[in-house]
Amino acid sequence: MTEVRIEVRAFSVDRTCVCGKGPMRPLDYVLTTYPPLFPHQCTVCGAKQNFRVRYPYLDYEAKP
């Protein structure tokens, strides 16, 4: 086996609230459903919503 190196670009993925003013930030617990859900709360209006990923997160894309 050999190692293969490729160049990648990193992206920060974030979620904004439905109010459009603040980012959604994760709370300190996880809902143990299948699949797990991550509760988040808006830093401006306090709205809560559950997502399947924890925001913000890093995503990667291989450069062509």
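None of the figures in this text is laboratory data; all of them are computed from the coordinates on show. Here the structure is a predicted model, which means the values were calculated and not measured. Every residue, glycine as well, gets a Cβ built from its backbone with ideal geometry; the counts of neighbours run over all protein chains shown.
Relative to the Cα centre, the charge distribution of the chain, modelled as +1 at Lys and Arg Cβ and -1 at Asp and Glu Cβ, gives a dipole magnitude of about 240 debye. For the chain, the spherically averaged projection of the C-alpha convex hull amounts to 7.0 nm². The mean sequence distance of close C-alpha pairs (under 8 Å, at least 6 residues apart), as a share of the length of the range 1-48, puts its relative contact order at 28 percent. Of the chymotrypsin sites (Phe, Trp or Tyr not before Pro) in the range 8-61, the ones in a loop by DSSP (not H, G, I, E or B) with at most 14 other beta carbons within 10 Å are TYR29.
Loop-located GluC sites (Glu not before Pro) in the chain (DSSP state other than H, G, I, E, B) with a sparse environment of at most 12 neighbouring Cβ atoms within 10 Å: GLU3, GLU7.
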